[in-house]
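Data first, discussion second: the structure below is written as structure tokens.
Readers should treat all values here as calculations from the given coordinates under stated rules, not as data from a laboratory. These figures come from a predicted structure and were not determined experimentally. A quick note on method: Cβ atoms are made from the backbone with ideal geometry, for glycine too, and the neighbour counts reach across all protein chains shown.
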Amino acid sequence: MSVERKEVGPRMSQIVIYGDTVYLAGVVAHQNAGKSVTEQTREILATIDRYLRAPTRQSFFPPISGSPTWRHSAK
């Protein structure tokens with residue numbers, strides 16, 4: 001299974017997809033801030049929909065298999 005990242009920035013991705021799970025970061029209403037919950041929800045869902053439909057900027061990550069190998073060199 002691979003990790004797919006969308007809206008990749010220098011420190012994080014707005015959306016990360018792994019298998020059947022979508023992780024979101026910082027998706028809030030900007031234009032409808034302070035308005036009704038319905039208006040804010042519509043804006044947030046539209047933003048998520050736009051992110052999911054956008055072409056992937058970074059989509060290659062090797063599949064995770066087994067335990068990671070940690071290397072530490074004591075000096």
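Just want the ordering: Ser13, Ser2, Ser36, from fewest to most Cβ atoms lying within 10 Å of their own Cβ.
Taking fewest neighbouring Cβ atoms as first place, the list is Ser36, Ser2, Ser13.
So how strong a dipole does the stretch 3-53 carry about its Cα centre when Lys and Arg Cβ are +1 and Asp and Glu Cβ are -1, to the nearest 20 debye?
Values: 7 positive and 6 negative charges, 27 e Å.
Magnitude of the dipole: close to 140 debye.
Quote to one decimal, in nm, the extra length available between Ser2 and Ile44 on full extension: 0.36 nm per residue of separation minus the C-alpha distance between them.
12.5 nm
Note down the nm distance, to one decimal, between modelled labels 7 Å out along Cα→Cβ at Thr21 and at Ala54.
In this crude spin-label approximation the distance works out to 2.3 nm.
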